[in-house]
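Beneath this line is the structure, given in structure tokens, with notes to follow.
The values are calculated or read from the model by the stated rules, or taken from the named source; none is laboratory data. Predicted model, so just to flag it, every value in this text is computed and none were measured. Methodologically, a virtual Cβ is constructed for each residue, glycine included, from the backbone with ideal geometry; neighbour enumeration extends over all protein chains shown. SASA here: full protein model, heavy atoms, side chains in, ligands and nucleic acids out. Shrake-Rupley method; radii C 1.70, N 1.55, O 1.52, S 1.80 Å.
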Amino acid sequence: MALSARDLAGSYYNEVITSPFTFFATAGALYRSLCKPVFVDIDLRTFNLDIAQIESKISEKTSAIMPVNLFGQMCDIESIESIDSNLYVIQDSCQSIGALWKGKKINKDVNCLSFFPSKNLGCFGDGGAVLTDDEDVYNRLKQTRNHGQSNQYFHDFVGGNFRGDAIQAAILSVKLKRLNLWTQRRQANAELYDKLLRDSLVITPYIDENAMSVYNQYTIQVNNRDEVKSHLLKNDIGCAVYYPLPLHLQPCFQYLGYKKGDFPNAEYASEHVLSLPIYPELTEDQICFVAEKVLEAAK
Ligand SMILES: *Cc1c(COP(=O)(O)O)cnc(C)c1O
């Protein structure tokens, strides 16, 4: 990348509003598309964008809003769509394939998926897909994924080599048939955790009444997060912090000019969240064991 950080912060680039509490790829994709990420704080209950704060961040350079449907739960996509009809909505659904809002899948304007092995539908390496209900977007993306060519060896614009490998597609087409079953198992696992951790010092995931989560993660909040984490690891329970440093505080984004304190909810989440095992093959006994160890350590 020949551009300097200062160039990227310059006045001639699009701004895209997104979350500071997400996997790095959300904002990394914006940087590489010569867009300036503009962060908005999250709602601490859902970990998704705080929609009420979006409007004040819109400028004449804003071209899109990029909500992240984190941990398997879709954001209030209807409210986001109604903020400004001139802006594209680009959903990052890498963690929420199959998630619903008011009983519906919503693939507008653009909905991005990842098939990295840690996702609900994973391939055997790297892969991804984009869903859209907009024909112009569809055609543009199809051309973009193959070096921007219209006919073979004729290029209207510069795209890249973003083609999906056939071997990954073959694997995904077999696994796709089981996705609904795996989602149901994740939901059943979450329900059992909810029951076991209720009425304790642990804050269990909050799912909006309009949302159906596919639980890519089961993410709790606890005051003594690091202690609970090491207690679980000591008992051979895999668990992880998604994410320990919000994007506005990452060294690579210092050029954007944010500082500690700018997004208190994202920063609070980064210090208090812990994701427990939730994968479909877990047994009830295993879930009870995990919950018992969480309750032993939570203060
Ligand atoms: C996995 C993921 C991505 C995509 O990551 P890749 O490594 O490019 O597959 C983007 N956003 C979120 C929130 C993710 O979890």
**Fill in**
Once the in-chain neighbours fewer than 8 apart are removed, the lysines whose Cα is under 23 Å from Lys293 read Lys195, Lys229, Lys234
**Asked** What 222 nm value per residue comes from the helices of the chain, counting each DSSP H run with n ≥ 4 as -39,500 (n - 2.57) and dividing by all residues, nearest 500 deg cm²/dmol?
**Response** -9000 deg cm²/dmol
**Item:** Computed E for Asn210/Phe24 - FRET, C-beta separation, R0 35 angstrom, nearest 0.05
**Value:** 0.80
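So how much slack lies between Ile167 and Asn235, counting 0.36 nm per residue of separation and subtracting their Cα-Cα distance, in nm?
Using 0.36 nm per residue and subtracting the Cα-Cα distance, I get 20.7 nm.
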**Prompt:** Which of the lysines could be linked to Lys259 by a straight reach, that is with a Cα gap under 17 Å, when you skip same-chain ones fewer than 8 residues away?
**Reply:** Lys36, Lys57
**Item:** Spin-label zone in region 96-131 - amide nitrogen under 11 Å from a point set 7 Å from the Cα of Val174 along the C-beta vector
**Value:** 124
**Complete:** Distance in nm between Leu100 and Glu284 label points, each 7 Å along Cα→Cβ, equals 2.5
**Item:** Karplus-derived 3J(HN,Hα), 6.51/-1.76/1.60, for each residue of region 42-47, Hz, glycine and proline x
**Value:** 9, 8, 5, 7, 9, 6
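When a/c is below 1.5 the answer is rounded, else prolate if a/b is larger than b/c, else oblate, so apply that to region 244-299 with a ≥ b ≥ c taken from the square roots of the Cα gyration tensor eigenvalues.
Numbers: a/c = 5.15, a/b = 2.52, b/c = 2.04.
Since a/c reaches 1.5 and a/b is larger than b/c, the shape of region 244-299 is classed as prolate.
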**Global form of region 44-161, assessed from the alpha-carbon gyration tensor, a/c cut-off 1.5** = oblate
**Selection from Met66, Ser82, Leu30 lying farthest towards where the dipole of the chain points positive, charges on Cβ** = Leu30
**Projected label distance in nm at Arg32 and Ser79, using a 7 Å step from Cα toward the beta-carbon** = 3.2
**Message:** If I model a spin label at Leu245 and Glu296 as a point 7 Å from the Cα along the Cα→Cβ vector, what separation in nanometres do I get?
**Reply:** 3.2
**Prompt:** Counting alpha carbon pairs within less than 8 Å and at least 6 residues apart, what relative contact order, in whole percent, applies to region 1-139?
**Reply:** 16
**Prompt:** Which residues make up the longest stretch of the chain that has no chymotrypsin sites (Phe, Trp or Tyr not before Pro) in a DSSP loop with at most 12 other Cβ atoms within 10 Å?
**Reply:** 13-152
**Request:** With a/c under 1.5 counting as rounded, go ahead and sort region 190-246 into rounded, prolate or oblate using the C-alpha gyration tensor (a ≥ b ≥ c being the square roots of the eigenvalues; past the cut-off, prolate if a/b is larger than b/c, else oblate).
**Result:** prolate
**Item:** Max mean-square fluctuation residue, GNM over the chain, Cα-Cα springs under 10 Å, options Asn86, Asn69, Asn120
**Value:** Asn86
**Hits among aspartates and glutamates - C-alpha to C-alpha of Lys175 under 19 Å, sequence gap 8 or more where chains match** = Asp126, Asp165, Glu281
**Message:** Quick check: net charge around Ile90, other residues with Cβ under 12 Å of its Cβ, Lys/Arg +1 and Asp/Glu -1?
**Reply:** -3
**Fill in**
Between the residues Thr46, Tyr138, Leu249, the Cα farthest towards the positive end of the dipole of the chain, that dipole coming from +1 and -1 charges on the beta-carbon of Lys, Arg, Asp and Glu, is from Tyr138
**Item:** Calculated from backbone phi, Karplus (6.51, -1.76, 1.60) coupling profile of region 246-260 in Hz, x at Gly/Pro
**Value:** x, 5, 5, 9, 6, x, 5, 10, 4, 4, 6, x, 7, 9, 4
**Request:** Starting from the amide H of Tyr218, placed 1.01 Å from N in the peptide plane, find each other amide H under 5 Å away whose residue is 5 or more places distant or on another chain.
**Result:** Leu276
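Structure shown: which of Lys105/Lys260; Lys104/Lys177; Lys61/Lys108 lie over 29 Å apart, alpha-carbon to alpha-carbon?
Lys105/Lys260
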**Highest-fluctuation residue, Ile106, Ile171, Ile97 considered, GNM on the chain with Cα pairs under 10 Å** = Ile171
**Message:** What number comes out for accessible area per residue over region 50-180 if the probe is 1.4 Å? Units Å², please.
**Reply:** 57
**Item:** region 1-139, accessible surface, carbon-and-sulfur percent (1.4 angstrom probe)
**Value:** 51
